[in-house]
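This report refers to the structure that appears directly beneath it.
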Amino acid sequence: MRVLSLKYGKSRAGGHFEVQFDDDTILTLDAELVVRFQLKVGFDVSANLRAEMEAEQERLTARRRMVRYLALRRKTRREALHYLERLGFSEAAIEYAMAAAAELKLVDDERFAESFQRTQQRVGKKGPRAISHELRMRGVDKELASKTVAESAKPENQRSAALIAGEKKAKALKSEEPRKARQKLQMFLMRKGYDGDIVAEVTRKLLGENDD
């Protein structure tokens with residue numbers, strides 16, 4: 001097939017060309033690919049060369065979409081992979097985009113886990129069990145998830161964090177019947193992801209001993 005025309009245009013992604021062939025088909029390529037493949041009007045393009053250009057364009061598009069996606073908020077490798085799969089990119093394009101993201105340090109499960117742990121502990125007042133579970137759900141492997149929460153899982157650290165998490169809740173429960181208040185506080189702290197013995201200890205400290 002032969003190139004009939006090259007029409008330049010611009011979009012949010014940057015400069016591109018609409019390459020029209022003599023079989024009435026049009027292929028949109030990034031400007032850099034037009035230069036790389038030395039396309040010009042009258043240029044003969046074999047089926048193999050066109051397939052190569054289409055594959056290269058898909059790889060560049062996948063990389064662009066990945067960078068844009070990860071620039072908004074850090075994600076795990078699995079989340080990034082699933083994002084590209086949902087968009088329908090080929091396996092080769094996904095591998096290319098993932099490698100590029102790793103090279104740019106946009107995908108790093110260890111850094112993601114550390115940042116996620118700090119945020120969930122500081123803002124969400126969550127305990128190590130809940131944080132570890134959420135990391136696993138996002139695709140962080142079990143060993144890394146456990147390593148990430150190891151420090152906060154120490155009894156003394158859990159105790160101080162659970163006290164902070166439970167103080168406001170305990171104040172809101174002061175008007176409740178004591179037994180019911182203790183049950184509600186315990187359930188609250190358990191949902192936050194603290195160990196059972198820590199929950200029991202903190203509940204006693206904040207609401208007193210069980211009268212039963």
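The values are calculated or read from the model by the stated rules, or taken from the named source; none is laboratory data. Predicted model, so just to flag it, every value in this text is computed and none were measured. Glycine also receives a Cβ, built like all others from the backbone with ideal geometry; neighbour counts cover every protein chain displayed.
Annotations
- Strands (runs of 3 or more DSSP E) (entirely within region 1-111) containing at least 1 residues that are in contact with a helix residue (DSSP H, G or I) (Cβ under 8 Å, 6 or more places away or on another chain) and either loosely packed, with under 13 Cβ neighbours inside 10 Å or assigned by TED's automatic domain parsing to the domain that holds Val140 (or both): 3-11, 14-21
- Scoring Phe116 on the criteria (1) more than 22 Å from the chain's Cα centre (by Cα); (2) in a helix (DSSP H, G or I); (3) under 30 Å from Leu81 (Cβ atoms) leaves a single failure, condition (1).
- Sub-6 Å Cβ pairs linking a first residue in region 138-165 that is closer than 17 Å to Arg204 by Cβ to a second residue that is in a helix (DSSP H, G or I), at least 6 apart or interchain, are Gln158/Ile198; Arg159/Ile198; Ala162/Leu189; Ala162/Ile198; Ala162/Val202; Leu163/Val202; Ala165/Lys192, ordered by first then second residue.
- Of everything in region 1-51 that is among the polar types (S, T, N, Q) and within 17 Å of Thr61 (Cα to Cα), the residue that is farthest from the chain's Cα centre (by Cα) is Thr28.
- Annotation note: Cβ proximity below 7 Å between a residue of region 26-49 that is over 10 Å from Leu6 (Cα atoms) and a residue that is part of a loop (DSSP other than H, G, I, E, B) and not hydroxyl-bearing (Ser, Thr, Tyr) (sequence gap 6+ or interchain) occurs for Val45/Met1.
- Among the residues making up region 120-134, those that are more than 14 Å from the chain's Cα centre (by Cα) and either among the polar types (S, T, N, Q) or part of a helix (DSSP H, G or I) (or both) are Gln120, Gln121, Arg122, Pro128, Arg129, Ala130, Ile131, Ser132, His133.
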